[in-house]
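Shown next, in structure tokens, is the structure this report addresses.
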Amino acid sequence: MHRTHLTTLPTFIALLGASLLALATPAITHAQSAAELASSLGQEIQTGQASESGTSVEWGTAVGVVNQPMEAVMGVVQDYANYSQFMPHFRTSRVIAQRGTDAMIYLEVGIIRNTATLWGQLRLRERPARGRSRVVEARLVQGNMDEFRARWELTPVDATHTLVRFQILVAPDLPLPSSIFTHENVKAARKTLRALRRRLVAIG
């Protein structure tokens, strides 16, 4: 597997120090209904992290309310070719093949203050509905990282509001503590929800 290296020793040392900062983020639960959770959140974004078997890097998770109907939000989520227009850290997003909502895309992402670039081919597809919720998942097919997975879950709150849960797990092939990448995943989850809100406002 191709290995990406950090550019400077000072950058490595700074990032190693940052890994010592512990994350105290609450877990996201499905126990509450979409309406109850939306009411308690308001416009806040709740973040957390979740473990994954086979890796010490953890998922970054975020949940928040978007002031748009679910179909409008899903339209942006499934606009894979334009991810680089609004998704944080995405430099390139190109659809290689697509059939319905099942697509293969090529992406390039800058990580850790743009000191490293990840690339990969991802398969994105909509999963079977969970009640009123719709789910879109992405999984790495090949690339210069150990893992890249993401998951959108959209649940209508009412006719003009959607509860969005976003999860991301990026595990780069880099010689750094896993806590650094977990921290980056949590930040990326929060930034993605904020970016989704801005994108929906921008496209009207």
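Checked across segment 74-82, the condition of being assigned to a strand (DSSP E or B) and without any contact (Cβ under 8 Å) to a residue 12 or more places away in the chain holds for no residue.
Taking (1) in a strand (DSSP E or B); (2) under 18 Å from residue 47 (Cβ atoms) in turn, residue 179 satisfies each apart from (1). Scan segment 122-139 and tell me whether some residue there is in contact with a strand residue (DSSP E or B) (Cβ under 8 Å, 6 or more places away or on another chain), more than 30 Å from residue 33 (Cβ to Cβ) and touching a residue at least 12 places away in the same chain (Cβ under 8 Å). Yes, the conditions are met somewhere in segment 122-139. Residues of segment 187-204 that are surrounded by fewer than 21 Cβ atoms within 10 Å (Cβ to Cβ) and either of a type in the set (Val, Ile, Thr) or not in a helix (DSSP H, G or I) (or both): 201, 203, 204. Report, ordered by the first and then the second residue, all pairs with beta carbons closer than 6 Å, sequence separation of six or more or different chains, a first member in segment 169-182 that is surrounded by 18 or more Cβ atoms within 10 Å (Cβ to Cβ), and a second member that is at pLDDT below 90 and of a type in the set (A, V, I, L, M). That search, which allows pairs on different chains as well, returns 180/15. When residues in segment 53-71 are screened for being of a type outside the set (Ser, Thr, Tyr), in contact (Cβ under 8 Å) with a residue 60 or more places away in the chain and exposed (fewer than 15 other Cβ atoms within 10 Å of the Cβ), 1 of them pass. Taking segment 81-99 as the range and being touching a Lys or Arg at 6+ places or on another chain (Cβ under 9 Å) and closer than 30 Å to residue 159 by Cβ as the test, the residues that pass are 81, 82, 85, 86, 87, 88.
The values are calculated or read from the model by the stated rules, or taken from the named source; none is laboratory data. On a predicted model such as this, the values are computed, not experimentally measured, just so you know. Here the Cβ is made from the backbone with ideal geometry for all residues, glycine too, and neighbour counts use every protein chain on show.
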